[in-house]
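Nothing in this text is a laboratory measurement; each read-out follows from the coordinates by a stated rule. Keep in mind the model is a prediction, meaning the values are calculated, not measured. No Cβ is skipped: glycine too gets one built from the backbone with ideal geometry, and neighbour counts run over all protein chains shown.
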Amino acid sequence: MRILGIETSCDETAAAVVQDGTKVLSNVIASSVDLHAATGGVVPEVAAREHIRQISPVIDKALKDASVGWDEIDAIAVTQEPGLIASLLIGINTAQTIAYIRKKPLIPINHISGHIYANWLNRADDMDFPILVLTISGGHNDMVLMENHHKFKVIGETLDDAAGEAFDKVARLLNLGFPGGPVIAKAAEKGDSTSFKFPRTHLHGDENRYNFSFSGLKSAVWREVKDLPSLSAKKANDIAASFQMAVVDILADKLVRAAEEYGVKAVHLAGGVSANQLLRQVVRQRLPKGISLLWPAKNIYCTDNAAMVATAAYFSRKFMV
């Protein structure tokens, strides 16, 4: 089965063709990140205009790269939620129109579900359940127990900022650029992660044991920067390294505790922040023996893309229809 996936939840206009849920035939992404760099964050109106401009050529290129015609596409998948409303509508309306004209089944997909299924791309479908998935990006931070295909139980989520959003805001404080994840990680390579003692937020109450909060950490960084007489390159690198370590500690601590409590066979990292090398390293070090660790086969599958939408649709159709 070949599925055309369409993703427009934020600032990436993406289309991809995936065969049988795992084989990526094409994966085209047109990002407007350079336009948003000037404002240090995504401007919804700008993102929506770019989607309108890019959606048709991106879909055409996805079909061309996959060397398939419309008669060889079995279904259309599209991100339905969550995301920026105007951006989502462009993808949804486009997918609905194509599905109607080409007489193809239309499969709506949750964006988080797409990130979860990014770990199936370029891999065989031989995962052992249950799996604990940590999805982390600029817009979401969820701990999901995956009991089987498309059988999800959310056991933790962010109560304020997502980790990726905190990266973006701290990068802006340090004048490092946008998006925050890659520039913080690069600066941290030249910094000392023990220079600043930033807080590790531990939420009280059993109902919050796997929830996340990064607002206090973000505020602590803001106060530190505000009190500095000047922000040298060295100080910026040290703050970046200390902040990154604090985020990784928070994520890894809760993830490992949940993995032990729920007796999972594997832990998956997903979303843009899953590309962070320190996070991968620390989680691998702290996970008990016998629990495997997986992240997307390519870093391009960590960030928003349409291949993850297509593979989520394939398994949705296979196991839920």
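Annotations for the structure displayed:
- Folded to 0 to 90 degrees: helix 44-66 orientation relative to the chain principal axis, Cα: 50
- Bridges between two residues of region 131-296, per DSSP, are antiparallel at a rate of about 55%.
- Taken about its Cα centre, the chain carries a charge dipole of about 440 debye when Lys and Arg each add +1 at the Cβ and Asp and Glu each add -1 at the Cβ.
- Neighbours of His111 by Cβ distance under 9 Å: Lys/Arg scored +1, Asp/Glu scored -1, total -3.
- Residue-span extension gain [Ser215 to Ile101] - 0.36 nm each, minus C-alpha spacing: 36.4 nm
- By the helix-only formula, in which each DSSP H run with n ≥ 4 contributes -39500 (n - 2.57) and the sum is divided by residues, the chain has a 222 nm mean residue ellipticity of -14000 deg cm²/dmol.
- Cβ-derived FRET efficiency at R0 41 Å, Glu207 paired with Lys298, nearest 0.05: 0.65
- Across the cross-link table entries Lys289/Lys318; Lys104/Lys153; Lys235/Lys298; Lys265/Lys289, which are compared at the Cα atoms, the separations over 21 Å belong to Lys289/Lys318; Lys104/Lys153; Lys235/Lys298.
- Dipole magnitude for region 248-321: about 260 debye, using +1 per Lys or Arg Cβ and -1 per Asp or Glu Cβ, origin at the Cα centre.
- Lys/Arg +1, Asp/Glu -1 at C-beta; region 11-89 dipole; positive extreme among Leu25, Val46, Ala62: Val46
- For region 131-296, the dipole from Cβ point charges (+1 on Lys and Arg, -1 on Asp and Glu) about the Cα centre works out to 420 debye, to the nearest 20.
- Rg ratio for the chain: its Cα radius of gyration over 2.2 N^0.38 Å, N being its residue count, equals 1.01.
- Applying the Karplus relation 6.51 cos²θ - 1.76 cosθ + 1.60 with θ = phi - 60° to region 146-162 yields 3J(HN,Hα) values of 9, 7, 6, 4, 6, 10, 10, 10, 7, 10, x, 7, 7, 9, 8, 6, 6 Hz, where x marks Gly and Pro.
- Bridge type composition, the chain - antiparallel percent by DSSP, nearest 5: 60
- Shown for region 131-296 is the translational diffusion coefficient from the Stokes-Einstein equation, using the Kirkwood radius over Cα pairs, a temperature of 20 °C and a viscosity of 1.002 mPa s: 133 µm²/s.
- FRET efficiency for the pair Asp249 and Ala124, taken as 1/(1 + (r/R0)^6) with r the Cβ-Cβ distance and R0 = 41 Å, rounds to 0.75.
- Computed from backbone phi with θ = phi - 60° and the Karplus coefficients 6.51, -1.76 and 1.60, the 3J(HN,Hα) list for region 85-98 is 3, 4, 5, 4, 4, 5, x, 5, 4, 5, 5, 4, 5, 4 Hz; x is used for glycine and proline.
- In Hz, Karplus ³J(HN,Hα) per residue of region 221-226 (6.51, -1.76, 1.60; θ = phi - 60°; x = Gly, Pro): 5, 4, 5, 5, 5, 4
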